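Below is one structure; the comments refer to it alone.
The values are calculated or read from the model by the stated rules, or taken from the named source; none is laboratory data. The shown structure was predicted, so the numbers you read here are calculated from the model rather than taken from an experiment. A quick note on method: Cβ atoms are made from the backbone with ideal geometry, for glycine too, and the neighbour counts reach across all protein chains shown. The protein model used for the area step is the full one, side chains on, heavy atoms only, and it has no ligands, DNA or RNA in it. Shrake-Rupley method; radii C 1.70, N 1.55, O 1.52, S 1.80 Å.
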Amino acid sequence: MTAYLVRRIAALVPVLVVVVTVAFLLIHLIPGDPVSVMLGPDATPAQIHAARQALGLDRPLWEQLLKFYTRILRGDLGQSYFLDRPVTQALLERAEPTLVLTFSALLVAVVIGVPSGIVAAAQPGSLWDRALMLAALLGVCVPGFWLSLNFIYLFAVRLGWLPAAGYASILVDPLAALRYMVLPAVSLGFSQSALIARISRSCMLEVLAQDYIRTARAKGLSPAAVTWMHAFRNALVPVVTVIGITMAILIGGAVVTEIVFNIPGLGRLIISAVLRRDYPVVQGVILVTATAYVLINLVVDMLYVLIDPRIGYE
Amino acid sequence: MSPGRFRRSSVAFVALLAFVSSAALAQTPRRGGVLRVGNLGEPPALDAHWTTASITETLTNHLYEGLYSLDASNRPIPMLAESHTVSRDGLTYTFKLRQSVKFHNGKEMTSEDVVASLARWSKQSIYGKALFAQVADWRAVDRYAVEMRLKEKSAIVLISLAVPNNFGAIYPKEIAEKFPPEVKVTEYVGTGPFKLAEWKPDQYIRMVRFDEYKSRAEKPNGYGGGKTAWVDEIRWIPVPEVATRVAQVETGELEFADDLNLDAYDRLQTNPNVRTIVSKPYYWLVAVFNKKDGLMTNAKLRQAWQAAIDIEPIMKNVAGGRAEFYRMDSSLAPVEIAAWHTKLAGLPWNEHNRDKARRLLKEAGYRGEPIRFMTTQEYKWMYDFALLTKQQLEDVGFTIDLQVVDWATLVKRRNNPKEYDVFTTGMGAFYDPTHHIYLTASWPGWTTDEDILRLQAELARETDPRKRMALWEAQTRQFYEKVPVIRYGDLFGLRAMRTVVKGFNERTERIRFYNVWLDK
């Protein structure tokens, strides 16, 4: 088990090297230039040239890449062109909102998704099953930004129950943080819950068709005991996988939600960094997201062992 | 009078009295409060010398001041300068500075700060460069006087020192000398009515009242005159999603929202707590030709474009079908810049003459080669007018290769003459004829026409206002003959504020919050 863990963590290195290199090349190869964006629409080519030199952007690409690698080895992700601060600092500032949003959305998704899937599977073909799966289908189909904007219009503008957008730190003002987080977490979590519900349902159906479930029923266990004690845990492995993937998606992919609700997280950071061609920031966010992705996968793999004793890693 | 009627009328009288006095109260400025302003993004810098970005212009004008500013009719008026004198030969300007003006760090502003700041500005800002090309010597005379000696007579000294964009902000000498012109300043110390308290990128910029601010004695006038920081704090909140900005001003989470989409106009107008503002001038839409390389170096082809387009339907469409948001005008300076607005008859503007366009295409020897027309969807109005232009042009025989890229790509590519033929952008307010960047050889598109450049040079030298106007009218005629760019119509912008915001000057191109108070 330990050996496996070490091997998995060691395997992280080549993955990250590839990710970092590809990210570096992609962002540098697409046209556009941070200096032209920063100097504004009326800047002249001479001004732009001088500022490019000041940032070292006139150096050959391979030289910039080499510098980038040596810096990373020292744990330095570079300096943001636009934000006038180290990339690591920018990332740390954005980590809290994204993590809070991720976990609250995940909570919403799991709390809605897993029970609906199980209830639907318990009586396949029933009215409950159909209604829940229709809702899940809607959840998958409705675009996130549309849902978000309608939530804002209904709950903030029309009813005035919740703020339309913004963010408060849970460390500073937990109550305000909660008020700000409800709409984004629900609109993001709802669409993710749809996927979890569908997976939970199909896994449950598969397990419920097994012989040992028939045996459990035959020996007179109540339907609730059969569903929750015997079937649920066995159906859990793929569900946990999906939850893990969902979480990874949320960390790097809550972009639309962060923009609509004006949450200063990593998703908003990478979008603005791409539009501004703030290369060091784009690379930094990709590096961090990729690392999070790989680590979450690792944790999910470890969880399998706890859920299902038959699984072991040698 | 019956008792009933008496009671009714006295009630009405009291109500009227209450209304009148509350209206009078509302007009009395009060101190205090936080004014939250939603705008569309993060500034690339808070260094006024360094960038032409409009967001930087808006923000830095609350922190810093220049020697001159613009009055309500967009003419220069003194700000940090007390007065100036010009020598008889017109070659030496001596500026007297106001005394006991403090920087945010407590230091007094003196001539050494002015000399160092404008020296830095002269190397980086487009306006500074243009002015200092005419300057032979720039030095301090004494603690409160500076002197500018010119190589030749100049018409642009005061206006260049007064423009709000990329402006000659006065920094303390130590800062102006510490940061080379091409490197942005990261220590923010000015003389403005607000000082920077905190900047959290993508979250907010907090500016608080500068208690030692020394206001001019005059009344507020345009961008200049007396300035009072009534609110304790301006909190600039970047809200990149425009629908969110609209919602937040509706809910009262923002007191002011800038740059809104025009389709929010109706909804905002139904809200009794919100006041909508049509902002003008905003931009005139423009298609800029690459005159250095490729197809559009051919003047006939550019003239054909100008002859072909029917501007009104394009403007109407871009403005969401609303007459409040566009204006048809051929003058290169908008109506709001009264000094330079022209009313010339017989210009070949908005001719939509298809036969003329076809004839010009033939004379140009054009055989349907694709013309690369670069635009972006990041600014919806640019994309919309490019698309409508493409349709109109293809109707008369042009082949338009519309290249939709993001803004960062567009502003990069437009510097390379090999990469495009035409690009879209918008022209904001230029306060002097010499500031119209599309009439220069250095700005993308590269206008190198001898007659245009000669007139620009004359405009920079000629100091008699009447002769300058005649030159500007001649330049306008040249413009429509040589067609360096296509001037479409004026587009207006939309802003909204809560009705508790008082004292806001709605007539300036960009927003300012000194002299603004909150009535709550």
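Identify, please: which residue in the range B:228-246 is open to solvent by less than 30 Å² (accessible area, probe 1.4 Å) and away from chain A (no Cβ under 14 Å) and is, among those, nearest to B:L262 (Cα to Cα)? Filtering first and then ranking leaves B:I234. Taken together, A:A95, A:A136 contain a single residue that is part of a helix (DSSP H, G or I), touching a Lys or Arg at 6+ places or on another chain (Cβ under 9 Å) and modelled with pLDDT under 90, which is A:A136. Residues that are of a type in the set (D, E, K, R) and within 14 Å of another protein chain (Cβ to nearest Cβ), at least 1 per element: which strands (runs of 3 or more DSSP E) completely within the range B:25-123 meet that? By residue number, B:34-39. With respect to the conditions (1) closer than 22 Å to A:P264 by Cα; (2) in contact with a helix residue (DSSP H, G or I) (Cβ under 6 Å, 6 or more places away or on another chain); (3) charged (D, E, K, R), A:D33 lacks only one, and its number is (1). Please indicate, with yes or no, whether at least one residue in the range B:487-508 is within 18 Å of B:W284 (Cα to Cα) and within 14 Å of another protein chain (Cβ to nearest Cβ). Looking for residues that are within 18 Å of B:W284 (Cα to Cα) and within 14 Å of another protein chain (Cβ to nearest Cβ), one finds none in the range B:487-508, hence no. Kindly indicate whether any position in the range A:181-191 is without any contact (Cβ under 8 Å) to a residue 40 or more places away in the chain, within 30 Å of A:L92 (Cβ to Cβ), in the same structural domain as A:I243 (by TED's automatic domain parsing) and out of contact with any strand residue (DSSP E or B) (no Cβ under 7 Å at 6 or more places or on another chain). Within the range A:181-191, one or more residues are without any contact (Cβ under 8 Å) to a residue 40 or more places away in the chain, within 30 Å of A:L92 (Cβ to Cβ), in the same structural domain as A:I243 (by TED's automatic domain parsing) and out of contact with any strand residue (DSSP E or B) (no Cβ under 7 Å at 6 or more places or on another chain).
The residue that is farthest from the chain's Cα centre (by Cα), counting only those in the range A:1-15 that are open to solvent by 70 Å² or more (accessible area, probe 1.4 Å) and without any contact (Cβ under 8 Å) to a residue 12 or more places away in the chain, is A:T2. Condition test on B:L453, is it over 29 Å from B:D310 (Cβ atoms) and of a type in the set (A, V, I, L, M)? When the stated conditions are applied, B:L453 passes them.
Among residues of the range B:143-186 being of a type in the set (V, I, T) and part of a loop (DSSP other than H, G, I, E, B), the one that is nearest to B:S73 (Cα to Cα) is B:V163.
Among the residues of the range A:264-314, write down those that are basic (K, R) and farther than 18 Å from A:R85 by Cα. Hit for the range A:264-314 is A:R310, nothing else.
Count of the range B:34-43 residues, restricted to those that are open to solvent by less than 30 Å² (accessible area, probe 1.4 Å) and either at pLDDT 90 or above or under 17 Å from the mean Cα position of the chain (by Cα) (or both), is 6.
Rundown of residues vs (1) of a type in the set (V, I, T); (2) away from chain A (no Cβ under 14 Å); (3) open to solvent by less than 60 Å² (accessible area, probe 1.4 Å), yes/no style:
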position	(1), (2), (3)
B:S330	no, yes, yes
B:L347	no, yes, yes
B:R354	no, yes, no
B:G365	no, yes, yes
B:G368	no, yes, yes
B:K380	no, yes, no
B:E394	no, yes, no
B:G397	no, yes, yes
B:T409	yes, no, yes
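Tell me the residue from A:V226, A:V186, A:V182 that is more than 21 Å from the chain's Cα centre (by Cα) and either within 29 Å of A:A131 (Cα to Cα) or not in a loop (DSSP other than H, G, I, E, B) (or both), please. After applying the criteria, what remains is A:V226. Among the residues making up the range B:257-290, those that are surrounded by fewer than 23 Cβ atoms within 10 Å (Cβ to Cβ), in contact (Cβ under 8 Å) with a residue 40 or more places away in the chain and assigned to a loop (DSSP other than H, G, I, E, B) are B:N261, B:P272, B:N273.
So that you can scan it fast, the table gives a plain yes or no per residue for (1) more than 30 Å from B:R245 (Cα to Cα); (2) within 20 Å of the chain's Cα centre (by Cα); (3) touching a residue at least 12 places away in the same chain (Cβ under 8 Å):
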residue	(1), (2), (3)
B:I437	yes, yes, yes
B:D451	yes, no, yes
B:E473	yes, no, yes
B:F479	yes, no, yes
B:P484	yes, no, yes
B:R487	yes, yes, yes
B:T508	no, yes, yes
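Check every one of the helices (runs of 4 or more DSSP H) wholly within the range A:16-88 and list those with 2 or more residues that are exposed (fewer than 15 other Cβ atoms within 10 Å of the Cβ) and within 14 Å of another protein chain (Cβ to nearest Cβ). Answer list for the range A:16-88: A:45-55.
When the range A:242-267 is limited to residues that are open to solvent by 10 Å² or more (accessible area, probe 1.4 Å) and within 15 Å of A:L92 (Cβ to Cβ), the one that is nearest to the other protein chains (Cβ to nearest Cβ) turns out to be A:L266.
Checking B:Y127, B:Y171 one by one, the residue that is within 14 Å of chain A (Cβ to nearest Cβ), in contact (Cβ under 8 Å) with a residue 40 or more places away in the chain, in contact with a helix residue (DSSP H, G or I) (Cβ under 6 Å, 6 or more places away or on another chain) and more than 30 Å from B:L254 (Cα to Cα) is B:Y127 and no other. Take A:L287 and tell me if it is surrounded by fewer than 20 Cβ atoms within 10 Å (Cβ to Cβ), more than 10 Å from every other protein chain (Cβ to nearest Cβ) and assigned to a helix (DSSP H, G or I). So A:L287 passes the test. Filtered by the rule that a residue be touching a residue at least 60 places away in the same chain (Cβ under 8 Å), of a type in the set (S, T, N, Q) and either open to solvent by 20 Å² or more (accessible area, probe 1.4 Å) or within 14 Å of chain A (Cβ to nearest Cβ) (or both), the range B:187-224 gives a lone residue, B:N221. What number of residues within the range B:414-455 satisfy the criterion of being surrounded by 20 or more Cβ atoms within 10 Å (Cβ to Cβ), more than 10 Å from chain A (Cβ to nearest Cβ) and among the polar types (S, T, N, Q)? Of the residues in the range B:414-455, 3 are surrounded by 20 or more Cβ atoms within 10 Å (Cβ to Cβ), more than 10 Å from chain A (Cβ to nearest Cβ) and among the polar types (S, T, N, Q). Listed by first and then second residue, the pairs linking a residue in the range A:137-148 that is within 16 Å of A:R198 (Cα to Cα) to a residue that is of a type in the set (D, E, K, R), with Cβ atoms under 9 Å apart and 6 or more places separating them unless they lie on different chains, are A:L137/A:R198; A:V140/A:R198. Has the range A:114-128 got at least one residue that is within 14 Å of chain B (Cβ to nearest Cβ) and not in a helix (DSSP H, G or I)? No, because not a single residue in the range A:114-128 is within 14 Å of chain B (Cβ to nearest Cβ) and not in a helix (DSSP H, G or I). Scanning the range A:154-179 for residues that are open to solvent by less than 20 Å² (accessible area, probe 1.4 Å) and either in a helix (DSSP H, G or I) or among the polar types (S, T, N, Q) (or both) yields A:A156, A:A177.
Among the residues making up the range A:100-153, a single one is over 24 Å from the mean Cα position of the chain (by Cα), surrounded by 14 or more Cβ atoms within 10 Å (Cβ to Cβ) and of a type in the set (S, T, Y): A:Y153. Quick check: is even one residue across the range B:143-163 surrounded by fewer than 17 Cβ atoms within 10 Å (Cβ to Cβ), of a type in the set (V, I, T) and at pLDDT 95 or above? No, the range B:143-163 has no match at all.
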